[in-house]
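Quick notes on the structure that follows.
The values are calculated or read from the model by the stated rules, or taken from the named source; none is laboratory data. No experiment lies behind these values; they were computed from the predicted model shown. Glycine also receives a Cβ, built like all others from the backbone with ideal geometry; neighbour counts cover every protein chain displayed. Remember, those area values only see protein heavy atoms, side chains included, never the ligands or the DNA or RNA. Shrake-Rupley method; radii C 1.70, N 1.55, O 1.52, S 1.80 Å.
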Amino acid sequence: MVGFTGSCFVCFKMKVSRIAWLLCKRTEVRRHTVCRTFTSGSTTRQQQLSSARGRICRLESMELPSVGAKSVLVKLLAAPINPSDINMIQGSYAILPDLPAVGGNEGVGQILEVGSQVKALRPGDWVIPRDAGLGTWRTAVVLAENDVISLPNDIPLLSAATLGVNPCTAFRMLSDFEELKPGDTVIQNAANSGVGQAVIQIAAARGIQTINVVRDRPDLTQLIDRLKAMGASHVIKEETLRRHEMKELFKTCPRPKLALNGVGGKSATELLRHLQVGGSMVTYGGMAKQPVTVPVSALIFKNVKVKGFWVTQWKRTHSQDEGALRGMLDELCSLIRQGKLTAPACSEVGLQDFRKALDTAMQPFTSAKQVLVL
Ligand SMILES: NC(=O)c1ccc[n+]([C@@H]2O[C@H](COP(=O)([O-])OP(=O)(O)OC[C@H]3O[C@@H](n4cnc5c(N)ncnc54)[C@H](OP(=O)(O)O)[C@@H]3O)[C@@H](O)[C@H]2O)c1
């Protein structure tokens, strides 16, 4: 391996000095980029996570294995930095790879070469991972054919790179928990997140109204304008959830049947207060890192349903049902082509600037998804 080494900026910033991630830079097609976690000789997960020091983050170049009969060589094109990627580096995610590991769970690549028994994919096809944990922060990789699913390459690159996680999550949450009809209302926090922007757009395409909660910030008016241009019906600050203004708002739209919670803590409790009787709150993220507290009255008098959703589990549950994932991706791509679903606001960052991108991705009020261009 060659490349450069140094302290892992993301781990250092987050006071997680235990884990080292390695980003590897590709120098030719047969070499590839990876983001890997190293330990100082520990072998078990527990040892890895409790080991005190010695983790580093660096770019490296590695040899690619040869392409087997049922494998494909993929040139990664672009891969976002999502909160789950950072949680994985922190060691706090539900899936933790054996270390060292390559970072990144999402992204789009192009098939360069296929093995002799590969039937469904051809050179030139765009592909995205079927599951989490693939390690997309690299420039090329040899994978089993079934590790990826093809995408049409007539959609924008950034849409393709960010399609497999957030829009799929938004799509499922709007489809699987409550029967929503045109005119119904959904309320969500973290409305400017990647998931939130997809919720706004998919809901708008279905005629569903959205109440979108965001944190206050200096450029709030700009953010409100941007979300409304995407189709948000209402955009309000967290503080407004506790104010009389909500009563006025519900004179113009029905109380929500569905609340989508990507934050937790007080924000989630406030969402629950506004649900209609028998409505559902689906928790999919915990950006505030605080537990969800459910008021007793919401359970007794409103009989609200409190549920969770994880798109990775959905994909695994439906892994034998090719049509389920394919059908959802087709619908999402159709919305993209119609201009009804755009990629979240993104900042494209060269791989060599991965430290800056990781740092930016962890700052509040960024309002732009960091996407590594590979
Ligand atoms: N369960 C699933 O299947 C699934 C799938 C996709 C994503 N997720 C989760 O969904 C969440 C959002 O992911 P994403 O990729 O959409 O995020 P993103 O685009 O990176 O945006 C992060 C969002 O979190 C907000 N935020 C950050 N810290 C916060 C805090 N302390 N309190 C309130 N809001 C805060 C940000 O608001 P500001 O602009 O105000 O900073 C922003 O809206 C993450 O927790 C992610 O892991 C879950």
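When each of 95, 155 is tested for being under 28 Å from residue 59 (Cβ atoms) and touching a helix residue (DSSP H, G or I) at 6+ places or on another chain (Cβ under 8 Å), the lone residue that passes is 95. Pairing residues of the stretch 292-315 that are over 15 Å from residue 271 (Cβ atoms) with residues that are of a type in the set (A, V, I, L, M, F, W, C) and part of a helix (DSSP H, G or I), at Cβ distances under 6 Å and at least 6 apart in sequence or on separate chains, gives 311/168. Quick one: which of 277, 292, 282 is within 19 Å of the chain's Cα centre (by Cα) and either within 10 Å of the ligand (Cβ to nearest atom) or not in a strand (DSSP E or B) (or both)? One residue alone meets the criteria, 282. Checked against (1) more than 14 Å from the ligand (Cβ to nearest atom); (2) within 23 Å of residue 200 (Cα to Cα); (3) of a type outside the set (Val, Ile, Thr); (4) without any contact (Cβ under 8 Å) to a residue 60 or more places away in the chain, residue 329 meets all criteria but (4). Selection of the stretch 275-321 for residues being closer than 20 Å to residue 188 by Cβ and aromatic (Phe, Trp, Tyr) yields 284, 309, 310, 314. Taking every residue in the stretch 347-374 that is modelled with pLDDT of 90 or more and assigned to a helix (DSSP H, G or I) and pairing it with any residue that is within 14 Å of the ligand (Cβ to nearest atom) and among the basic types (Lys, Arg), at least 6 positions away or on another chain, the pairs with Cβ-Cβ distances below 8 Å are 361/369.
Quick grid of which residues meet (1) more than 18 Å from the chain's Cα centre (by Cα); (2) in a strand (DSSP E or B); (3) within 16 Å of the ligand (Cβ to nearest atom); (4) of a type in the set (Ser, Thr, Tyr):
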| residue | (1), (2), (3), (4) |
| --- | --- |
| 112 | yes, yes, no, no |
| 117 | yes, no, no, no |
| 121 | yes, no, no, no |
| 134 | no, no, yes, no |
| 149 | no, yes, no, no |
| 153 | yes, no, no, no |
| 168 | no, no, yes, no |
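Within the stretch 358-374, the set of residues being near the ligand (Cβ under 10 Å from one of its atoms) and open to solvent by 40 Å² or more (accessible area, probe 1.4 Å) comprises 362, 363, 364, 365, 366. Do the conditions hold for residue 116, that is, is it out of contact with any strand residue (DSSP E or B) (no Cβ under 8 Å at 6 or more places or on another chain) and either within 11 Å of residue 74 (Cβ to Cβ) or open to solvent by 10 Å² or more (accessible area, probe 1.4 Å) (or both)? Here the answer is yes, as residue 116 does meet what is asked.
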